[in-house]
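No value in this document is a laboratory result; all are computed from the given coordinates. These numbers come from a predicted model, not from an experiment. Counting neighbours? That spans all protein chains shown, and the Cβs are built from the backbone with ideal geometry, glycine included.
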Amino acid sequence: MSATEVLSALDRIHGTVSVIGSMNADYTVTAQRLPGPGETITGGPLQLLPGGKSGNQAAAAARIGATVQMFGAVGSDSNADFLLGALGEAGVNTTHVRRVPGASGTTVITVDTTGENTIVYSPGSNAQVTVDYVESVREALVRSSVLGLCLESPIETVTAAARICHEAGVKVLLNDSPFTPSLPAELVEASDILLVNEHEMVQLLGIDEPENDDWDGFDWGHALEAMHGFGFEQAIVTLGGDGSVVLDSTSATPIQRIAPVRVNAVDTTGCGDSFMGTVLAGLASGMALSEAAELASYVSAYAATGYGAQASYGNAAQIREAYIGR
């Protein structure tokens, strides 16, 4: 489909999304290249930008028109107001975010001239998003039609949120990132859709990567069977600059390759979260998984053309304008 056809889906974004998890202050510096072990290099000015995988996902979904509730914890430092302010500016409802003593979550990010990055994560207040907190916001959490989860919060908290929403009929999308190969059985059972990249997929399923990184020639049928055996009937596998693959045992077309969208990338920080947020918004608005993934390719590619995570996310009008004539 053309960009115009794919992006017409932005007109249908209207659904409700809950996201529970991390909010981080991203301390970001750009450099000609990433440093090697033990090496010191000179970078540009240090920037403080809003981030955190869950906060990013919530912001991305809200920017393109979804109604989004954020759940989690910020600290008692100045970064707390900064993070909540940025989410509010993106259109995210932060009423249920808890404030706790101590530092908010932070990341230290280095970005090179090709847009690649390295990230070090310090959980801070994100580690205090407890099961008791999830229980306390249960009523608000299940008001949405889709829940977004990642693993920057304690795993027992993530599992509890998935269980509560699954039992209430809320669709649960799990992003296994930061990656763990040992997902609790209860979390798998309570999650409807999995989002991973290609390297995470093979580790999770215990299958081999293709020779020479040839994902075009990869046996996606085998991956579909392995994913079903692991416990997911639906999954999206992202391939970086090569697009993504939708594995959907419930569809008449169970394997669907989503083409990449080429842009001049300057910073890939938060692009995966933008992809996830768009899928959340699409699913909440009644789109099929493959349609949501196709839209997410455009939205996340747009994010790569700006610096930072949430700072690079566009609204529907900006994204549509960027692809006019393609």
Residue-ordered couplings for segment 149-158, obtained by feeding phi - 60° into the Karplus form 6.51 cos²θ - 1.76 cosθ + 1.60 and rounding to whole Hz (Gly and Pro as x), are 10, 9, 10, 8, 10, x, 4, 5, 6, 4
Checking Thr106, Thr114, Thr67 against a Gaussian network model of the chain (alpha-carbon springs below 10 Å), the top fluctuating residue turns out to be Thr114
Take the chain, connect every pair of alpha-carbon atoms lying under 10 Å apart with a spring to form a Gaussian network, then pick out the residue of Gly75, Gly38, Gly169 with the largest mean-square fluctuation.
Gly38
When DSSP assigns beta bridges and you keep just the ones with both residues in the chain, what percent turn out antiparallel, to the nearest 5?
40
Give a residue-ordered list of calculated ³J(HN,Hα) values for segment 30-35 (Karplus: 6.51 cos²θ - 1.76 cosθ + 1.60, θ = phi - 60°; whole Hz; x for Gly, Pro).
9, 8, 4, 8, 7, x
Neighbourhood net charge (15 Å Cβ-Cβ; Lys/Arg +1, Asp/Glu -1) for Asp112:
-2
Taking the chain and dividing mean pair separation by its residue count, relative contact order in percent (alpha carbons under 8 Å, at least six apart)
21
Helix-only [θ]222 nm of the chain, DSSP H runs n ≥ 4, -39500 (n - 2.57) each, per residue, nearest 500:
-10000 deg cm²/dmol
Remind me, relative contact order of segment 1-97 in percent, using alpha carbon pairs under 8 angstrom and six or more residues apart?
32
Any chymotrypsin sites (Phe, Trp or Tyr not before Pro) in segment 169-239 that lie in a DSSP loop and have at most 15 other Cβ atoms within 10 Å would be Phe179
Which entry in [x] 0.94; [y] 1.06; [z] 1.14 matches Rg/Rh (Cα atoms, Kirkwood Rh) derived from the coordinates of this structure?
[x]
Taking segment 37-153 and dividing mean pair separation by its residue count, relative contact order in percent (alpha carbons under 8 Å, at least six apart)
25
Gaussian network model of the chain, Cα springs within a sub-10 Å range: biggest mean-square fluctuation belongs to which of Ala259, Ala62, Ala235?
Ala259
Rounded to 5, the percent of DSSP beta bridges in segment 164-261 classed as antiparallel
55
List the residues of segment 211-242 whose backbone N lies under 15 Å from a point placed 7 Å from the Cα of Ser249 along the Cα-to-Cβ direction.
221-236
Gained length - Glu321 relative to Glu116, 0.36 nm times residue gap less alpha-carbon distance:
71.3 nm
